[in-house]
Amino acid sequence: MRLNAFLLAGLFVGMGAVIVSGAEEGAPAFREPLFFSEVDRENRTPQAVRVGGVVFVSAMTGPGESAEEQVRTIYIRLQSVLGNYGLTMADVAHERVYFSSDEALRKLKAMRGRYYGGSAGPATSFVRVAGFEDPGTLVSVEMMVVASPGEE
C-alpha cells in the first residue's frame, strides 16, 4: 500500500514537473498555457494549462463581500477559461473547492449545481482551509477538465 502511494505521488510530481517546466519559447507543442494578464505572463503563472486533452485550471477566487457573490464570479470566470479551450462545464472531470467557513461551504453547495446543469457534476473534493492570502476570500475553486476525444 505504501509503495502504491509512493508511486502515485511520484507520478503527480513528475506530471507537475512537465507542466511547470516548459517555457513559452521552446515549450512542447502539446502544452498550451492561458494567461489572464501580462503580469501573469511575466511571472510565468498561467491561469490554466492544456496538456494534450487535459486542462488544469489554477485555483480561482472572485471578488465580493459574501460567499454567494464570490461563487457566482468564480464560476463565470471558470466558464470563460474553459471557453478559451472550446470546453464547457460538462467536460469538468475533477473540481477541488477550498473554503474557509461552514457558511461558505453551505452557500457553495447550494449554488454550484446550477453551473453543472442536470448532470451529476464532476468528482469533487471539499477542503477546509484556515484562510487565504486575501483575508476577504471565502472560497476558491480549481479544476481538471478532460476534452472529449473529438475536441483534442
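The numbers here are math on the coordinates, done by the rules we state, and not lab data. If you're wondering where the values come from, they're calculated on a predicted model, not measured in any experiment. Glycine also receives a Cβ, built like all others from the backbone with ideal geometry; neighbour counts cover every protein chain displayed.
General observations
- Simple label model, 7 Å out from Cα along Cβ direction - Arg41 to Gln79, nm: 2.7 nm
- Dividing the C-alpha radius of gyration of region 29-151 by 2.2 N^0.38 Å, with N its residue count, gives 1.05.
- Length gained on full extension, Glu68 to Ala123: 17.6 nm, using 0.36 nm per residue less the C-alpha separation.
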